[in-house]
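The values are calculated or read from the model by the stated rules, or taken from the named source; none is laboratory data. Remember, it's a predicted structure, so these values are computed and weren't measured experimentally. Methodologically, a virtual Cβ is constructed for each residue, glycine included, from the backbone with ideal geometry; neighbour enumeration extends over all protein chains shown.
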Amino acid sequence: MSSFAGRMKEYPYISLDRFDRENLHARAYFLSHCHKDHMKGLKGPLLKRKLKFSLTVKLYCSFVTKELLLSNPKYGFWADHIVALELESPTQISLIDEASGEKEEAVVTLLPAGHCPGSVMFLIEGAQGTVLYTGDFRLAEGDASRIEVLHSGSRVKDIQSVYLDSTFYDPRFYQIPSREACLSGIRGLVLDWLSRSTYHVVWLNCKAAYGYEYLFTNLGEEFHTQVHVNSLDMFKKMPEILAHVTTERATQIHACRHPKDEEFMRGNRLPCGSFASDGTPLKIISIKPSTMWFGERTRKTNVIVKTGSSSYRACFSFHSSYAEIRDFLSYLQPINIYPSVVPLGRTHADVTELLKPMCREVISSAVIYRPLGTLKRTRQEPTCHDVDCADWLFESGDMAPVRKRLMKLEATPTTPLGDPVHLLLSLIGCQAPEAFVDEDEKHSAQFPLPLNPISPGHVLSQAKTMLIQDGECQGEILAGIDTGWKESGSHAHQTDPSELSESQVSSDFEVPSTPESHPPGTDELIVLYKRLAAGEQVLGLNPEDRACRTKPGGPSLQD
DNA sequence: GCGATCAGGT
DNA sequence: CACACCTGATCGC
């Protein structure tokens, strides 16, 4: 749950996702999405009074959020004060102090957040620098590079601070199966059940919150039916969702709710009380979407877990995993990161400490001393000082992206070499980590990395440059998003998901895909690794090149 | 009577 | 399996 107090250090005149206390005095308001824990104080009588006498105070949000908000009459008084913005369209706003007339300008841009319908992140650019408030988000690895407005030319914008959804920023939540993997698991379960007879029905045990809609639209589409829900009111202006939901009970897929619905289920009844017309009892299974996570090196197990004779849990996440957040942050390299959520069992200090390695180090001196490996590196550009325990394979900073590329290769069945990380480690004289690190201890264990003539970090930064280079230009950014949330199945049926890379398949809201980078072939890899092991400069690239921050396909296109 | 807050539930 | 929200009790205005 968000514990963000509503204001950012750089722009204290605006309030985001909090509307009580000091936020009552804000010059402008921002609502990232329509979940109650981000709407505290939004229907408060004090705020209502303030708006009555104000001409300049506005609430900025997406069109979908505006629609969802105003579908609840309690927020009706906002109607004339909401400014809905298109995604990825920078908009200049004036922040006016109505008492003094004092005025400050800023440019705000909404970015897709993939958390629920209408959810966005806010990019704010102004005199106090560029800051990103993420709201709640689920982005897949690689998604940040596809968001055009995070770049200027082929470079990532210089971001002062990120106000981060840190819900799963904890190595414990290292990986969460992709949206597509979860969806496909659910699809399989539903198919198996519904195909038995017309008396077989499924109940999707969803919480009272926006965010399951893409599940409904995908299942509705797949099974040529509509999903039974309690109300359609909020979706009046969202034809893509509306097409797949109904208030008619006569359907095999239900997501209806009732205060005592769990009790209903135990009595083999649907929350809506639907029954078969000829008196035959319905055969009901319940599927409860909930988050499942896996450790860094854990083989992902099933995304569906049976929890009873007729009940299942299905993997489903509204938030990015630890690995996804790291990927996001290592791409943006902000100077400051402020967590807005403290994961259970941790303190604010814990999270801040865990986030430090993801912050860009602003260096005055050009020389940095490292405790292990090659001890000296020079770098003009700012760098990540990444010594996070989860990345103990390497002692050096900007390796997070490299590892991901390598892990992607690992997962690529067409790479016949098996595990490139292990291969590389054995070539440079290190033993594979699992040999002496217990699964449970892996995050705290110190990997006894032998000192080596070559810094693995250095080696890998060379390897990385090659591994990530893209052959093709990136997909075009689509503008003017309807829902701020796109259902993968309702995309004019693109490619078979099995043909897509992990990052593409899980990126099923409105962030266009990037053409897959081409993993090097076997021969290429062997040659490369041997040369790396020998300490050679494999590519004639400048080590200072911030390849990890260069938009894939960017330079060749834009420069 | 209304709102805020907390505990306890799913 | 930890998200988001509901209900009910209690307190203060």
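This table checks each residue for (1) assigned to a strand (DSSP E or B); (2) within 28 Å of A:ALA181 (Cα to Cα); (3) out of contact with any Pro (no Cβ under 9 Å at 6 or more places or on another chain); (4) within 16 Å of DNA strand B (Cβ to nearest atom).
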{"position": "A:SER320", "(1), (2), (3), (4)": "no, yes, yes, no"}
{"position": "A:GLU324", "(1), (2), (3), (4)": "no, yes, yes, no"}
{"position": "A:PHE328", "(1), (2), (3), (4)": "no, yes, yes, no"}
{"position": "A:ILE337", "(1), (2), (3), (4)": "yes, no, yes, no"}
{"position": "A:ASP350", "(1), (2), (3), (4)": "no, no, no, no"}
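Does segment A:303-318 hold any residues that are part of a loop (DSSP other than H, G, I, E, B), in contact with a Gly (Cβ under 7 Å, 6 or more places away or on another chain) and farther than 11 Å from A:THR167 by Cα, and which are they?
Across segment A:303-318, the qualifying residue is only A:VAL303.
Which residue is farthest from DNA strand B (Cβ to nearest atom), if the candidates are limited to segment A:47-73 and must be part of a helix (DSSP H, G or I) and modelled with pLDDT of 95 or more?
A:PHE63
Quick one: which of A:SER152, A:SER166, A:SER178, A:SER145 is on the phi < 0 side of the Ramachandran plot, in contact with a Leu (Cβ under 9 Å, 6 or more places away or on another chain) and not acidic (Asp, Glu)?
Working: A:SER152 fails: in contact with a Leu (Cβ under 9 Å, 6 or more places away or on another chain); A:SER178 fails: in contact with a Leu (Cβ under 9 Å, 6 or more places away or on another chain); A:SER145 fails: in contact with a Leu (Cβ under 9 Å, 6 or more places away or on another chain).
Every option except A:SER166 fails the conditions.
Just to verify a result, which residue in segment A:250-270, among those that are in a loop (DSSP other than H, G, I, E, B), modelled with pLDDT of 90 or more and in contact with a strand residue (DSSP E or B) (Cβ under 7 Å, 6 or more places away or on another chain), is surrounded by the fewest Cβ atoms within 10 Å (Cβ to Cβ)?
Per the stated criteria, the residue is A:THR251.
Working only within segment A:271-280, note down all residues that are of a type in the set (Ser, Thr, Tyr) and surrounded by 13 or more Cβ atoms within 10 Å (Cβ to Cβ).
Answer for segment A:271-280, where residues must be of a type in the set (Ser, Thr, Tyr) and surrounded by 13 or more Cβ atoms within 10 Å (Cβ to Cβ): just A:SER274.
More than 26 Å from the chain's Cα centre (by Cα) and either surrounded by 19 or more Cβ atoms within 10 Å (Cβ to Cβ) or in contact (Cβ under 8 Å) with a residue 60 or more places away in the chain (or both): does that describe A:ASP192?
Considered against the rule, which asks whether it is more than 26 Å from the chain's Cα centre (by Cα) and either surrounded by 19 or more Cβ atoms within 10 Å (Cβ to Cβ) or in contact (Cβ under 8 Å) with a residue 60 or more places away in the chain (or both), A:ASP192 comes out as no.
Give segment A:2-40 a look and list any residue that's within 14 Å of DNA strand C (Cβ to nearest atom), surrounded by fewer than 21 Cβ atoms within 10 Å (Cβ to Cβ) and on the phi > 0 side of the Ramachandran plot, or say none.
Correct list: empty.
Check off (1) within 13 Å of DNA strand C (Cβ to nearest atom); (2) closer than 27 Å to A:TYR210 by Cα for A:GLY273 and give me the number that stays unchecked.
Every condition holds for A:GLY273 apart from (1).
For the subset of segment A:18-46 comprising residues that are within 14 Å of DNA strand B (Cβ to nearest atom), assigned to a helix (DSSP H, G or I) and not basic (Lys, Arg), which member is nearest to the chain's Cα centre (by Cα)?
So, considering only residues that are within 14 Å of DNA strand B (Cβ to nearest atom), assigned to a helix (DSSP H, G or I) and not basic (Lys, Arg), the one nearest to the chain's Cα centre (by Cα) is A:ASP37.
Hey, could you check segment A:198-246 for residues that are touching a strand residue (DSSP E or B) at 6+ places or on another chain (Cβ under 7 Å), assigned to a loop (DSSP other than H, G, I, E, B) and away from DNA strand C (no atom under 16 Å from the Cβ) and say which is farthest from A:HIS33 (Cα to Cα)?
Going through the qualifying residues, I end up with A:TYR199.
May I ask you to list the residues in segment A:74-91 that are touching a residue at least 40 places away in the same chain (Cβ under 8 Å) and part of a strand (DSSP E or B)?
A:LEU87
Filter segment A:247-298 for residues that are within 11 Å of DNA strand B (Cβ to nearest atom) and in contact with a His (Cβ under 8 Å, 6 or more places away or on another chain) and give the result.
Those that are within 11 Å of DNA strand B (Cβ to nearest atom) and in contact with a His (Cβ under 8 Å, 6 or more places away or on another chain): A:PHE264, A:PRO271.
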